[in-house]
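> Quick one: structure below, then a few questions.
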Amino acid sequence: MTVEGVTYERRSAAPVIAPVRPRKLAKVPFVELTEGRLAGVVSSGSDPARVYVSSINAGDHGLSCRTNNNRPCGGFGGSHPCNHLRALADAAVTQYGIDRVARYLKADVAPGADDLWAGIRPSSAEPRAADVFAGFLRHLTYLELPPSTEAMPELQWFPAAGLVR
């Protein structure tokens, strides 16, 4: 891939894809397309100390939703999405755009459509809450570090400033 004459396959930095629209982080503080699934952390509407770890697998559209204590979500019915899964999907569409999310999940969404769920054939999936929540906590640790211009070896994969396209 070449952006402004620079081949990124030969560099240690990659361009960042800017969000489609800014999103509010209070309801869904963490959302990512990774490891063959859409995954994220969704805040509880009733308990500020509880979050839900939700995911949708690419391809088979396996759904999973559990609390941060690895307990099943009370509104999740195996292949019927709960409100946490719906909030996760909405946040992903806001962040990445419906076309990119649908393509990643291999969902059959008509061009120009605005409903991701219309193209998803939900099924039940093995819970992946521990993996997703661990990733979220790992990201949070970087917020606790003091500001510095020194290189951090574990973040060498992170895109360099000025490469946003």
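Quick note: the coordinates plus some simple rules give every number you see, no bench work behind them. All figures in this text were calculated on a predicted structure; none of them were measured in a lab. Don't worry about glycine lacking a Cβ; one is built from the backbone with ideal geometry, like all the others, and counts go over all protein chains shown.
> Of the residues in the stretch 19-33, how many are of a type in the set (Lys, Arg) and within 18 Å of ILE56 (Cβ to Cβ)? Explain how you work it out, then say what you get.
Applying the first criterion (of a type in the set (Lys, Arg)) to the stretch 19-33 yields 21, 23-24, 27.
Still in the running and within 18 Å of ILE56 (Cβ to Cβ): 23, 27.
So the count comes out to 2.
> Would you tally the residues in the stretch 34-71 being aliphatic (A, V, I, L, M), within 16 Å of PHE136 (Cβ to Cβ) and surrounded by fewer than 21 Cβ atoms within 10 Å (Cβ to Cβ)?
1
> Being surrounded by fewer than 17 Cβ atoms within 10 Å (Cβ to Cβ) and within 28 Å of LEU140 (Cα to Cα) is the requirement here; does ARG121 meet it?
Numbers: surrounded by fewer than 17 Cβ atoms within 10 Å (Cβ to Cβ): yes; within 28 Å of LEU140 (Cα to Cα): no.
Spelling it out, it is not the case that ARG121 is surrounded by fewer than 17 Cβ atoms within 10 Å (Cβ to Cβ) and within 28 Å of LEU140 (Cα to Cα).
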